[in-house]
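Asker: The structure under discussion is supplied below as structure tokens; questions concerning it will follow.
The values are calculated or read from the model by the stated rules, or taken from the named source; none is laboratory data. None of these values were measured; they are calculated from a predicted model. Heads up, the Cβs are rebuilt from the backbone with ideal geometry, glycines too, and the neighbour counts pull from every protein chain shown. Just the protein is used for accessible areas: all its heavy atoms, side chains included, with ligands, DNA and RNA removed. Shrake-Rupley method; radii C 1.70, N 1.55, O 1.52, S 1.80 Å.
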Amino acid sequence: MYADVIVDIASERVDRVFVYAVPEKYAATFCPGTRVRVPFGFREKEGYILRMRESTDFDPARIREIISPMEDYPAIPENLIALAEEVRADSHCPLCEALRLMIPSEMRGERIRVKTETCLRVTFPPQDAEKMIAEQSRSWRRKLILTALSDGLEHPLEEIRSLIKNWSEPVEQLARLGLIERHEREVFRNPWHGETEHSGDPELTAEQQDALVELIPALHRGKGETFLLHGVTGSGKTEVFVRLVRQALQMGKSAVILVPEIALTPQMTRYFHSRFGEELAVLHSRLTAGERFDEWRRIRFGKARIVVGARSAIFAPVRDPGVFIIDEEHETTYLSDHFPQYDARRIAEKRAVREGAAVVLASATPSIATYARARRGDFTLIEMPHRVLDRPLPRITVTDMREELRLGNRSIFSEALKTELRECLSRGEQAMLFMNRRGYAPFVNCRKCGESIRCRVCDVTMTYHATDGRLHCHYCGGSEPMPERCPSCQSPYIRTCGIGTQKVEEEVRNLFGAACVRMDNDTTASRDAHEKLLNRFRTGEAQVLIGTQMIAKGHDFPSVTLVGAVLADSTLNLPDYRSAERTFQLLVQVAGRAGRGEKEGHVIIQTYQPEHYAIRAAEKQDYRLFFNEEFTRRKRDLYPPFTQMDRVLFEGADQQKVRDECAAAEERIRAYLQEKDDLRRRVLFIRSDDAPISRIQNRYRAQVLIKMIDLPVMEPLLQFVQEMVSERENTANGQVTASFEMNPVSLA
Ligand code: ADP
Ligand code: ZN
Ligand code: ZN
């Protein structure tokens, strides 16, 4: 017996199958997906069995033998091996990197082990217990131990330990007498802290029912169909998920639910745990390595059939999935930001087709690309335009910060927000104040006319860099000096802009003396911080919740009646072609936090650009208005989904070498395109230049940018660039490193 093995070394050179002989004793148990130890060169390496084979063309004398298995079960089920092969093709990565996605990273190199505990059990049948206990009359300790074990079940040694001191001798004696036996048992570390009450089913609303009537047959058909569930905030999408998941379980299948960020996970897990208990497994980065490993194994062994998790949970080894649900599908966290790059939504589609499941993408503000595909008919669109129980959508007011300045208000709060906050607090209700990520790239805007400074080439907001005092475009790499007057209205009130969470907290304390909770990257670094901070707010200990976008999503606090977006411009002016989309999404999400209980909610959006279509559409809570404007703009200005922008980034200590390598790469790509008319026609530009941030920690950075029409026919070009980069990586002396990024989220 032989096996095709992928050795776990991430390099293009060994990205192929190596044939090993399977020792006789393993011939019956090895199968595709088994992880094994193999000799490789002079070392021992880990590897994955891809296929078993009866014979091989290689000279048997030269074939080496597999040493041993890593686990006594195949870590990667066959459907995920096939998926890894697709990921390799799409992400242009070695197969072993794709296979690594399928297991908890700590399993490699055995950095995590199965946890066991010692258990005791009596050897006699329960009906003899009384007699046996009586026979131990000379030792009350032995009697006590036998009594504790008399039900005939396994008991952890821990239990006996907590029962009596000096337990070890009587346990030894009982074992010698053959009355009890000891053995080791696997335990699963449980990430579920705290109790959840079991809750029953609410009666479905008409919209929820209609959605399910469309969705459930797709589970039965099992054809890999994708749906876009476009439901306003508070329309009760989560309950639709619950019913779908239950349907999948009833069909003997399993389900995966993705949530965008750790901040959301407690909310969703609580909801699901209260309905499904032990059937639920969670997978996200805040688990300890042991918990993650054990949750993964519960899924792998079929003990947990429902998975709620972050992006990488899309690779969970569920058996026979019935449905993949992706909540808040528009979130960029579904795109992995490191190699190998993948989009969890695309992976869900691929898995669903391969494994006969359905996909549900859900959002109140679908991404432009997804909604466009639904409109084109690739996905079935299901709409839930109303909140549950006839709750109204919140009332939204936009305040013009230019006007506030004109009237002499220099505070970060408009008069309207101050008044509303004061009233909300005095009624004993709760408020949320929201602003963009702390310390994000500062933009420059005019406080008189509201305009921000944009790149002349690509219309993306420019970012101020304190290092050289210039404005840089993070999209095309161009730069300009900082102007002294506003290019639109000539006023001198032009300056860098951005408000931090700390500043807002200070102001709220000073003005109102209210108890606040602040949530940003600083305050939520530790493991349980999210849950603790949110609890302080949930219990009413704090009246105001202040935070970055992490508070904008998903949370359900019924007593919040006021929500303030402190400065919408900070997202509107992100150095990114998606800034309008992000702003609209965030404002709608933020607004969705208000008025989720009995009382109506009010939302105040502060901005210097009240006439911007993203603000106007958010004010009206009108997704289609926004989509139409944005789609037209993307098409006109050649942005995704119509085009894609990729880059090769070079980094190194010697600036000249970095620039030379970069220029050489540009030349090679141009030379490649020379003979390829069909590709060249669809390339909008190729350009090499220093990166917008031209030096990080003494490493110089330069980039080649390639913008092209986004069509499948461009694949050979991407393939060429990827191969050029990895070939170079394998031969270069390491002074200059290169990496290839497709449609990177940031071009800094
Ligand atoms: P969405 O995810 O669409 O924004 P949620 O799923 O968070 O909305 O639901 C909003 C609120 O409505 C939650 O508090 C939820 O418990 C409640 N809810 C959902 N469905 C029903 C229903 N059929 N009857 C009563 N309350 C419901
Ligand atoms: Zn101006
Ligand atoms: Zn530009």
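Asker: Cβ under 11 Å from residue 395's Cβ, residue 395 left aside: what net charge do those residues give with Lys, Arg +1 and Asp, Glu -1? Mind dumping the intermediate values first?
Answerer: Working: positive: none; negative: 420, 600, 619.
Its environment carries a net charge of -3.
Asker: Further, regarding this structure: Quote the FRET efficiency, to the nearest 0.05, computed for residue 674 versus residue 183 with a Förster distance R0 of 45 Å and r equal to the Cβ-Cβ distance. Write out the running numbers ahead of the final one.
Answerer: Numbers: r = 70 Å, r/R0 = 1.57.
Once the sixth-power term is evaluated, E becomes 0.05.
Asker: By its C-alpha gyration tensor, with a ≥ b ≥ c as the square roots of the eigenvalues, how is region 154-226 shaped: rounded for a/c under 1.5, else prolate for a/b larger than b/c, else oblate? Please list the in-between numbers first.
Answerer: Details: a/c = 5.22, a/b = 2.94, b/c = 1.77.
The shape class here is prolate.
Asker: Find the all-direction average of the projected area of the Cα convex hull for region 1-155, expressing the result in square nanometres with one decimal place. Please list the in-between numbers first.
Answerer: Details: hull surface 57.0 nm².
Projected over every direction and averaged, the Cα hull of region 1-155 covers 14.2 nm².
Asker: Related question: Run the reach check for residue 532 against lysines, Cα to Cα strictly under 21 Å, same-chain hits fewer than 8 apart removed. What comes back?
Answerer: 553
Asker: Please list the equivalent ellipsoid semi-axes of region 552-622, computed as the square roots of five times the alpha-carbon gyration tensor eigenvalues, in descending order and whole angstrom.
Answerer: Working: eigenvalues 102, 27, 19 Å².
Rounded to whole Å, the semi-axes are 23, 12, 10.
Asker: Going by a ≥ b ≥ c, the root eigenvalues of the Cα gyration tensor, does region 4-58 fall in the rounded group (a/c under 1.5), the prolate group (a/b larger than b/c) or the oblate group?
Answerer: Numbers: a/c = 1.69, a/b = 1.51, b/c = 1.12.
Prolate shape, in that a/c is at least 1.5 and a/b is the bigger ratio.
Asker: Here is a further query. What does the helix-only formula give at 222 nm for the chain: each DSSP H stretch with n ≥ 4 adding -39500 (n - 2.57), the total divided by the residues, and the result rounded to the nearest 500 deg cm²/dmol? Could you put the intermediate results ahead of the total?
Answerer: Values: 23 runs with 248 residues, N = 748.
Computed ellipticity for the chain at 222 nm equals -10000 deg cm²/dmol.
Asker: Could you order the peptides 329-336, 466-473 from most to least packed, using the average number of other C-beta atoms within 10 Å per residue? Before the final figure, lay out each step's value.
Answerer: On the way: 329-336: 20.0, 466-473: 15.5.
The most tightly packed comes first, giving 329-336, 466-473.
Asker: Does region 629-716 come out rounded, prolate or oblate by the C-alpha gyration tensor, with a ≥ b ≥ c the root eigenvalues, rounded set by a/c under 1.5 and, if not, prolate when a/b is larger than b/c and oblate if not? Before the final figure, lay out the partial values.
Answerer: On the way: a/c = 3.40, a/b = 1.51, b/c = 2.26.
Oblate shape, in that a/c is at least 1.5 and b/c is the bigger or equal ratio.
Asker: Could I ask something else about it? Based only on Cα atoms, what mean projected area does the convex hull of region 387-486 have, in nm²? Can you show the working numbers first?
Answerer: Working: hull surface 40.3 nm².
Averaging across all directions leaves 10.1 nm² for the Cα convex hull.
Asker: I'd like the accessible area for residue 600: 1.4 Å probe, protein heavy atoms, all chains in place, Å² to the nearest 10.
Answerer: Surface accessible to solvent at residue 600 totals approximately 100 Å².
Asker: For labels at residue 697 and residue 52 in the simple 7 Å Cα→Cβ model, what's the distance in nm?
Answerer: About 4.6 nm separates the two model spin labels.
Asker: How much FRET efficiency would the formula 1/(1 + (r/R0)^6) give for residue 111 and residue 411, where r is the Cβ-Cβ distance and R0 is 56 Å, rounded to 0.05?
Answerer: Working: r = 52 Å, r/R0 = 0.93.
Here the calculated transfer efficiency is 0.60.
Asker: In percent, what relative contact order does region 18-153 have, based on Cα pairs under 8 Å that are 6 or more apart in sequence? Write down the numbers at each step before the final one.
Answerer: Working: 136 pairs, mean separation 26.3, N = 136.
Computed over region 18-153, the figure is 19 percent.
Asker: Give the dimensionless ratio obtained when the Cα radius of gyration of region 441-497 is divided by 2.2 N^0.38 Å. If you can, show how the numbers build up before the last one.
Answerer: Numbers: Rg = 10.4 Å, N = 57, 2.2 N^0.38 = 10.2 Å.
Ratio of Cα Rg to 2.2 N^0.38 Å: 1.02.
Asker: Over all distinct Cα pairs, what is the inverse of the mean 1/r for region 479-564, reported as the Kirkwood hydrodynamic radius in Å? Don't jump to the answer; show the numbers that get you there.
Answerer: Values: mean 1/r = 0.0646 Å⁻¹.
Mean inverse Cα-Cα distance, inverted, gives 15.5 Å.
Asker: Using label points projected 7 Å from each Cα along Cα→Cβ, tell me how many nm separate residue 466 and residue 21, to one decimal.
Answerer: 6.6
Asker: On to the next question. Where in region 146-168 is the amide nitrogen less than 16 Å from a point lying 7 Å along the Cα-to-Cβ axis of residue 127?
Answerer: Zone members listed by number: 151-152.
Asker: Excluding same-chain residues fewer than 8 positions from residue 143, which lysines have a Cα within less than 22 Å of its Cα?
Answerer: 131, 165
Asker: Next question. Can you divide the C-alpha Rg of the chain by 2.2 N^0.38 Å and report the result to two decimal places? All intermediate terms of the calculation are to be shown ahead of the outcome.
Answerer: On the way: Rg = 29.9 Å, N = 748, 2.2 N^0.38 = 27.2 Å.
So the Cα radius of gyration is 1.10 times the expected 2.2 N^0.38 Å.
Asker: In µm²/s, what is D for region 206-388 at 37 °C and 0.692 mPa s, where D = kT/(6 pi eta Rh) by Stokes-Einstein and Rh is the Kirkwood radius from Cα pairs? Don't skip to the end; give the middle numbers.
Answerer: Working: Rh = 16.2 Å.
In µm²/s, the coefficient is 203.
Asker: I would also like to ask the following. Mind ranking 350-357, 175-182, 365-372 by how tightly packed they are, going by the mean number of other C-beta atoms within 10 angstrom, highest first? Write down the numbers at each step before the final one.
Answerer: Details: 350-357: 20.0, 175-182: 14.0, 365-372: 22.0.
Highest mean packing first, the order is 365-372, 350-357, 175-182.
Asker: Please work out how much length the chain gains when fully extended from residue 685 to residue 153, using 0.36 nm per residue of separation minus the C-alpha to C-alpha distance, in nm with one decimal. Each step should come with its number before you reach the end.
Answerer: Working: separation 532, 0.36 × 532 = 191.52 nm, distance 7.16 nm.
My answer for the length gained is 184.4 nm.
Asker: Given the convex hull of the Cα atoms of region 116-186, what is a quarter of its surface area in nm²? It would help to have the intermediate numbers written out before the result.
Answerer: Numbers: hull surface 17.1 nm².
If I average the Cα hull's projected area over directions, I get 4.3 nm².
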